[in-house]
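The values are calculated or read from the model by the stated rules, or taken from the named source; none is laboratory data. Just so it is clear, the model here is predicted, and its values are computed rather than measured. No Cβ is skipped: glycine too gets one built from the backbone with ideal geometry, and neighbour counts run over all protein chains shown.
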Amino acid sequence: MKKRLTRILILSLLFVFIINSTTFAIIGIENQVSAYLLGDFETGEILEEYNINKPMEIASITKIMTYLVIMEEIQKGSISMEDKIRIDEDIAKIKGSSLKLEEGEIFTVKELLEGLMVVSANDAAYALAKHTAGTEGAFVRKMNEKAKELGLDTAIFFNSTGLPEGEVQNLMSPKDIFILSRYTINKFPEVLSLATIPQIEIPMRNYKEKNTNPLLKEIEGIDGLKTGFTNKAGYCLVSTLKVCALDGEHEDFRLIGIVMGTESEQKRKEMAKALIQYGLDNYSKKIIANKNVPIDIISIPKSRTKDIEVYPANNYSTLIKTGDSLDLDIQIDENIKLPLKELDKIGKVSIYKNGQKLDEIDLIVREDIKKERLLIVLFRHIKDFVTLMFTKILKR
């Protein structure tokens, strides 16, 4: 047995050289947005960023928090999806994007939630806030309490809609929007089904409005999440999609993209599309270790099995960017004592990305490894002795 068996396995990602040069350029939208963020939903890793820590007006992106607070109240049993809400005079007066609710009409919580997330209806948000907490003021307190609970230090809410309140508007940094979006999708994934409804149509009221998300038909797989606009905020969008793996060497993952402060609806669509497309072109989730696939084959002298497959004790995947280098440092224990039982640890593998250590995984055997039989050991020694003597005789 060698005193130490160490192999460095370089996982070559040379495909980077066949990607055209624009892959390596910066995203290039910095002068057309107030901020942007591209992040990994599962881990919370921020992949690309620009001006993400500055509090800024968020307009109807507010409604992600509105949705979250309402859904948590439904979860608690305080209200239900089938509750009926009668539209009063105050609700009917709410301006901006709306369901054009009229005094005396009755809608369910479920119907108003659709209006909230699909057409960004301010009147629906206000109606839901009043129903949930009694007054919008009480509901806004719940919003700010939830922001504090989640550690959204830059978040300040003045209303449930995102509309201006005199000279002030709801504020949050893009980083906190990312945290809020991740939390909401994780806790209530049904929001994605809601956010992909293509339009809301109410024939009896001659009402028909399309989903406000401009990327739904632009990029396959987009399934959320929320638009926003005021004069101060500019045109904003939180978008998300599940990226499906195309081969057995990768896994699915979800991207969240945020663009803030574009100058027009068209620019919002272009910038948001550019950001998500950059993620699709440059990122993938690589399977590094599969506990059902051997990571190496080693030889242990004095064992019956000469070629022994070594397995990682658990699975490991990581998000990589085009051009990243991945290294595996496999170390086998110096003093392996036979016999070995199935799942016995015999070493470890350290995983590095661009020279930085990501993790360390135990290495195990997946079968019993027994000592070589005594007779076979004796036979081998005799054979070696005879070979040695024969060689000496020939040299005379």
Can you tell me which of A138, A155 is in contact (Cβ under 8 Å) with a residue 60 or more places away in the chain and of a type in the set (G, A, S)?
A155
Working carefully through the options Y311, Y283, find the one that is over 17 Å from D359 (Cα atoms) and surrounded by 15 or more Cβ atoms within 10 Å (Cβ to Cβ).
Y283
Working only within segment 341-396, note down all residues that are more than 30 Å from the chain's Cα centre (by Cα), surrounded by fewer than 12 Cβ atoms within 10 Å (Cβ to Cβ) and modelled with pLDDT of 65 or more.
K341, E342, T387, T391, I393, L394, K395
(1) more than 27 Å from E42 (Cβ to Cβ); (2) touching a Phe, Trp or Tyr at 6+ places or on another chain (Cβ under 7 Å) all hold for E309 apart from (2)
What are the residues in segment 149-172 that are touching a Phe, Trp or Tyr at 6+ places or on another chain (Cβ under 8 Å) and not in a loop (DSSP other than H, G, I, E, B), if any?
E165, V168
Hey, does segment 48-61 have a residue that's touching a Gly at 6+ places or on another chain (Cβ under 7 Å), in contact (Cβ under 8 Å) with a residue 60 or more places away in the chain, in a helix (DSSP H, G or I) and of a type outside the set (S, T, N, Q)?
yes
Testing A127 on (1) surrounded by fewer than 22 Cβ atoms within 10 Å (Cβ to Cβ); (2) among the small types (G, A, S); (3) not in a loop (DSSP other than H, G, I, E, B), one condition comes back false. Which one is that?
(1)
Report whether or not K353 is assigned by TED's automatic domain parsing to the domain that holds L363, of a type outside the set (A, V, I, L, M) and more than 20 Å from D40 (Cα to Cα).
no
From the options T240, T262, T212, residue that is hydroxyl-bearing (S, T, Y) and farther than 18 Å from Y278 by Cβ
T212
Scan I91, I74 and give me the residue that is assigned to a helix (DSSP H, G or I), crowded, with 17+ Cβ neighbours inside 10 Å and in contact with a Phe, Trp or Tyr (Cβ under 6 Å, 6 or more places away or on another chain).
I91
Unique residue being part of a helix (DSSP H, G or I), closer than 19 Å to M71 by Cα, within 25 Å of the chain's Cα centre (by Cα) and not hydroxyl-bearing (S, T, Y) when the list is K175, K146
K146
Here the residues within segment 155-189 that are farther than 18 Å from F139 by Cβ, out of contact with any Leu (no Cβ under 9 Å at 6 or more places or on another chain) and hydrophobic (A, V, I, L, M, F, W, C) are none
